[in-house]
Amino acid sequence: MRKGAYIALQPFEGVQDGVLRTLERGLPARFFGVPVRGLKPLPIPEDSYNPSRRQYLSEPFLVSLKLPKGAVKVLGVVDEDLYTPGLNFIFGQARINGIGGVIALARLRPEFWGEARNDSLFLSRALKEAVHELGHSFGLEHCPDPSCVMHFSNTIWDTDRKGTDFCGRCRNILGT
Ligand SMILES: [Zn+2]
Ligand SMILES: [Zn+2]
C-alpha cells in the first residue's frame, strides 16, 4: 500500500457520528493498517426512493461515490433501507475490485426486527458489513466459512453468526 493511502468514508445525510467513529477505529486493522478519513456527507440521491417499497435503490448511491485523490477505496454509509432489483433488501453492495461500496444501516438496528435497542450490537453489525463490502472491493468473493466476515449474509442472523475478521484463506488472498 502506497504511503499516504487512506480509505475514504462517505456518509450520506443522516448518518450519526457514532457509527462513523466505530468504522474509523475498526477498519484499519483489517486493511493493511490503512487509515480511514471521513468525507463531508452527500445528499441522498434524487430518485433513489421507491415509495411503493418504502426503500431506496442502492445503485444511485454507488454511482455517486467518487474516489478522492490519494484514497484506495471509498465506503458509502447510508442510514436507510436499501434494495437492489431481485432482492428484498441488502445490507450493502460492492463490486469485486471496484472503487468501493455502500452499507445500509437501517436493518442493522435490533429495533428494526422488534428487539430491544442495543447500540454495541448495532455498531458491531455495521463494522462487519463495512469490512465485508470493502473486502469485495479489495477483490474477495463470498466465503463458505460461516464465521468469516466474507460469508454472505442472507439474514441478520447470518451477520450475527459471523465475526468482524477474515478467515485465514481470505486473509491470504487479500495479502494481509
Ligand atoms: Zn457480499
Ligand atoms: Zn473467508
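Observations on the model:
- Computed from phi, the 3J(HN,Hα) profile of the stretch 61-72 under the Karplus parametrisation 6.51, -1.76, 1.60 (θ = phi - 60°) reads 5, 4, 5, 7, 6, 10, 8, x, 4, x, 7, 8 Hz, with x in place of Gly and Pro.
- Reachable lysines, given that their alpha-carbon falls under 20 Å from the alpha-carbon of Lys69 and they are not under 8 places away in the same chain: Lys3, Lys40
- Accessible-area value, His136, 1.4 Å probe, nucleic acids and ligands omitted, Å²: 20 Å²
- Per residue solvent-accessible surface (Å²) - the stretch 6-141, probe of 1.4 Å: 46 Å²
- When you filter the trypsin sites (Lys or Arg not before Pro) in the stretch 5-98 for DSSP loop state and at most 16 other Cβ atoms inside 10 Å of their Cβ, you are left with Arg53, Arg54, Lys66, Lys69, Arg95.
- Beta bridges by DSSP in the chain, antiparallel share as percent, to the nearest 5: 30 percent
- Within a Gaussian network of the chain (alpha carbon springs, distance under 10 Å), most fluctuating of Ala29, Ala104, Ala116: Ala116
- Rounded to whole Hz, the Karplus (6.51, -1.76, 1.60) HN-Hα couplings of the stretch 87-100, x for glycine and proline: 10, 5, 6, 9, 7, x, 8, 7, 9, 4, 6, x, 6, x
- The chain: most fluctuating residue of Ile103, Ile90, Ile156 per GNM, C-alpha cutoff 10 Å: Ile156
- Sulfur and carbon atoms: percent of accessible area, the stretch 33-151 [1.4 Å]: 53 percent
- Accessible surface of Asp165, taken over heavy atoms with a 1.4 Å probe and every protein chain present, rounds to 70 Å².
- Nearest-20 debye value, the chain charge dipole, Cβ charges on Lys, Arg, Asp, Glu: 720 debye
- Inter-part distance where the stretch 86-121 and the stretch 133-176 are each reduced to a Cα centre, Å: 15 Å
- Shape analysis of the stretch 53-100 places it in the prolate category; the axes a ≥ b ≥ c from the Cα gyration tensor give an a/c of at least 1.5, with a/b above b/c.
- Evaluated at q = 0.14, 0.15 Å⁻¹: base-10 log I(q)/I(0), Debye formula over Cα of the stretch 6-141: -0.58, -0.67
- DSSP beta bridge pairing in the stretch 76-176, given as percent antiparallel to the nearest 5: 60 percent
The values are calculated or read from the model by the stated rules, or taken from the named source; none is laboratory data. From a predicted model like this one, the values you see are computed outputs, not experimental measurements. We place every Cβ from the backbone using ideal geometry, glycine too, and count neighbours over all the protein chains shown. Ligands, DNA and RNA are stripped out before the accessible areas are found, and what is left, the full protein with its side chains, is counted by its heavy atoms. Shrake-Rupley method; radii C 1.70, N 1.55, O 1.52, S 1.80 Å.
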